[in-house]
Amino acid sequence: MIRERIGKLLLEAGLISEQQLQKALDTQRQTKARLGSVLVRQRAISDGTLLQFLGHQYGVPIVEQFPHQPGPELAQLVPCDLAREFLVAPLQRIGTRVTLAMVDPSNVGLIDELKFRTGCHIVPMVALESLVLERIRLLYDDDLRAQAVSSEADGIPPVGKADERSLDGSGPAEGRRTLLLGPQAALNSKEMEALLEKASSSLSYGDPVVGGEPLVEEKAPIVELVNQILQAAAELGASDIHLEPYEASVRVRYRLDGVLHTVMTYALSLRNAVISRLKIMASLDIAERRLPQDGRMRFKGGESGGIDVRVSLLPSLHGEKAVLRLLDRSGLSLDLARLGFEEEDLAKLLAALDNPDGMILVTGPTGSGKTTTLYAALQVLNTPDINIVTAEDPVEYSFPGITQVQIKEHIGLNFSTVLRAFLRQDPDVMMVGEIRDQETARIAIKAALTGHRVLSTLHTNDAVRSVTRLLDMGIEPFLISSSVSLILAQRLVRRICSRCHTAAPLPPDQLTKLGFTPAEAEAVVPRRGQGCPGCHHTGYKGRVALFEVLPFSEELQSVILRRHSLDELRKSAVRAGLTTLRRKGLNKITSGVTTVEEVVGATSLDLSGG
């Protein structure tokens, strides 16, 4: 996206003079060459100095020379036409990391595309054009010879002449093409570039200032820019927006299906104005830039016509970072049967919900969907003859028929305080957003033992570790065994796109290492998405939950009372019918719902549970 021109930055750094810059720009207009290359040829700056400056500007390592002759396998990682057009060359591959030499390492669209094509993590490095061209010749020599005849006949310039423009994008627009196949396409367009230019220009007209932050009119370009960022996120179905300031620019990332994607960058000069606009929308203090702030707002968008947004601002080294959580009620599924439960596990959970008392714990890392599961469970219980109260931090969605309380630690309204008040509110069902300490755990257990259904969450890796977590908090074993009805551990994995899925077979020995039996490994054919417009070229569309359901059997209660080790607890749980998260993931691979990579990333191999 738009960033400050390299010539201006070199001038401001005192590395070139105004006369040298003007001379180079005149030559560039005539030759259509890159500005950096022109400055080097005119000896205004050395190639080493230019490279060091670019590395600092882009914030990536530099490569001054290639240490070895490239192997033929590297040429398979990047297609020849992409290497030529975008001037990129693979340097090495170690495991799942591919190091890439690039003339323009800010091309996030290309990096995301190569990450998808290779299935590897791309590590960009900046290199001079001449070095990259030489690497391309070594890698693709045979391919380039074969293309030479047809290219010359079609009037296509040979290698070294393709896409001649400056390192800062200030060269000719003719023949330029940006690889925009992923989520970044949403905010990369000529219209957006024009809007960013307009927004940058608007800041120079002496807007009123409060606390060092420019105020913006409702129809100002800054307002339109913020609206575009929000609207594009809503249309893509993003759950979060990250606006991250760095030394030279601000990066915008969207979280889609649990994964962050860089969608654009904009000039650092726009940083404060964009943050000011968000503060106005969220009714926050514009003048306060030293402390974190949290707020809420609502904007028109999404299928429901409006989306609630939770805004979090954090002071950082290069300015305030903003994270926006989009809470779109229209995309919230509160049907337990549609969350990904297997039939047997769903029956166990429903049986626990039918009990008039007892505690149900949902455990998993942040972002694993625990709150959604709790909300779906509450909807099963939400009938006119039931009094449901919840304590949440924060309240993400409001529901009719349920009394919801927002935790406010700064005034002493914490979970334990609210729970004590709940016990005087004649509740049938209590939901505690999270059990964080011994006091909260004791009150929740007391409620579960005195005729209330209690639902809550814990932060542990699996269901069995929830028991040891409560023991570590100082809760007596007899209280745990007598109050807890069921523990549910969960993870979220991305679904393979149904439009572009294809077979991605793996050798049986690799599948057995994942946890498949030898017989299963011979029969299973994993799948993956190839990438299409329907999934924004990510290969995934939506997410599905993996659930590990642990009802409290008499044997498990007995093991808890005897304070047996974690290993003994796990073995007892498996004997009682517990199916581990890894096994649930393997089932999803077998049925073609998700990929091997997603399951391996979300679960650990548990030898006792398979």
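Bear in mind that the values in this text are calculations on the coordinates, not laboratory data. Because the structure is a prediction, the values reported are computed rather than measured. Please note: Cβ atoms are built from the backbone with ideal geometry, for glycine as well, and neighbour counts cover all protein chains shown.
What does the net charge come to around HIS121 if you take all other residues with beta carbon closer than 10 Å to its beta carbon, with K and R at +1 and D and E at -1?
On the way: positive: ARG97, LYS115; negative: none.
Local net charge: +2.
Work out the FRET efficiency for ASN587 and GLU134 from their Cβ-Cβ distance, taking R0 = 45 Å, and round it to the nearest 0.05.
Values: r = 50 Å, r/R0 = 1.12.
Efficiency, rounded to the nearest 0.05: 0.35.
Please work out whether region 461-522 counts as rounded, prolate or oblate from its C-alpha gyration tensor, where a ≥ b ≥ c are the square roots of the eigenvalues and a/c under 1.5 means rounded, while otherwise a/b larger than b/c means prolate and anything else oblate? List each step's numbers first, then the result.
Values: a/c = 4.12, a/b = 2.34, b/c = 1.76.
The shape class here is prolate.
Just name one of THR390, THR366, VAL311: the one whose Cα is farthest towards the positive end of the charge dipole of region 261-393 (beta-carbon charges, Lys/Arg +1, Asp/Glu -1).
The residue sitting farthest along the positive end of the dipole is VAL311.
Charges only on Cβ, +1 for Lys and Arg, -1 for Asp and Glu: so what's the dipole of the chain about the Cα centre, in debye to the nearest 20? Could you put the intermediate results ahead of the total?
Details: 69 positive and 74 negative charges, 63 e Å.
Approximately 300 debye in magnitude.
Amide H neighbours of VAL263 under 5 Å, counting only residues 5+ apart in sequence or on other chains, H built in-plane at 1.01 Å?
Residues meeting the amide H criterion: VAL252, ARG253, TYR254.
Apply 1/(1 + (r/R0)^6) to the Cβ-Cβ distance of SER482 and LYS198, taking R0 = 60 Å, and write down the FRET efficiency to the nearest 0.05.
0.35
Just subtract the alpha-carbon distance of ASP285 and LYS446 from 0.36 nm times their residue separation and send over the number in nm, one decimal.
Working: separation 161, 0.36 × 161 = 57.96 nm, distance 4.17 nm.
In short, 53.8 nm is gained.
Which whole-number percent of Cα pairs in region 259-382 have a distance greater than 21 Å?
Summing the P(r) of region 259-382 above 21 Å gives 58 percent of all pairs.
State the label only: which of (i) 30.4, 117; (ii) 28.5, 86; (iii) 26.9, 77 corresponds to Rg and Dmax of the Cα atoms in Å computed from the shown model?
(ii)
Please list, in chain and number order, the residues 5+ apart from GLN92 or on another chain whose amide H is under 5 Å from its amide H, with Hs placed from the backbone.
Placed amide hydrogens put THR99 under 5 Å from GLN92.
Under the rule that a partner needs its Cβ under 4.7 Å from the first Cβ, which Cys of the chain have none?
Those would be CYS80, CYS120, since no other cysteine Cβ in the chain comes under 4.7 Å of theirs.
How large is ³J(HN,Hα) for each residue in region 84-89, as worked out from phi by the Karplus curve 6.51 cos²θ - 1.76 cosθ + 1.60 (θ = phi - 60°), to whole Hz, x for Gly and Pro?
In residue order, the calculated couplings are 5, 5, 9, 6, 10, 8 Hz.
Given points 7 Å out from each Cα along the Cα-Cβ axis, report the GLU439 to GLU409 separation in nanometres with one decimal.
1.3 nm
Treat every Asp and Glu Cβ in region 257-382 as -1 and every Lys and Arg Cβ as +1, leave all other atoms uncharged, and give the resulting dipole magnitude about the Cα centre to the nearest 20 debye. Mind dumping the intermediate values first?
Values: 15 positive and 15 negative charges, 207 e Å.
Computed about the Cα centre, the dipole is about 1000 debye.
Rounded to the nearest 500 deg cm²/dmol, what is the calculated helix-only ellipticity per residue at 222 nm for the chain, with -39500 (n - 2.57) per DSSP H run of length n ≥ 4?
-11500 deg cm²/dmol
Projecting each Cα onto the charge dipole of the chain (Lys/Arg +1, Asp/Glu -1 at the beta carbon, about the Cα centre), which of GLY592, PRO79, PHE341 comes out farthest on the positive side?
PRO79
Treating only the Cβ of Lys, Arg, Asp and Glu as charged (+1, +1, -1, -1), what charge dipole size does region 90-145 show about its Cα centre? Round to the nearest 20 debye. Please report the intermediate quantities before stating the final value.
Values: 7 positive and 8 negative charges, 51 e Å.
About 240 debye.
How big is the gap, in Å, between the Cα center of region 233-280 and the Cα center of region 454-517?
What the calculation gives is 32 Å, centre to centre.
Tabulate in residue order the Karplus-calculated ³J(HN,Hα) for region 499-504, using 6.51 cos²θ - 1.76 cosθ + 1.60 with θ = phi - 60°, rounded to whole Hz; enter x for Gly and Pro.
8, 10, 6, 8, 5, 9
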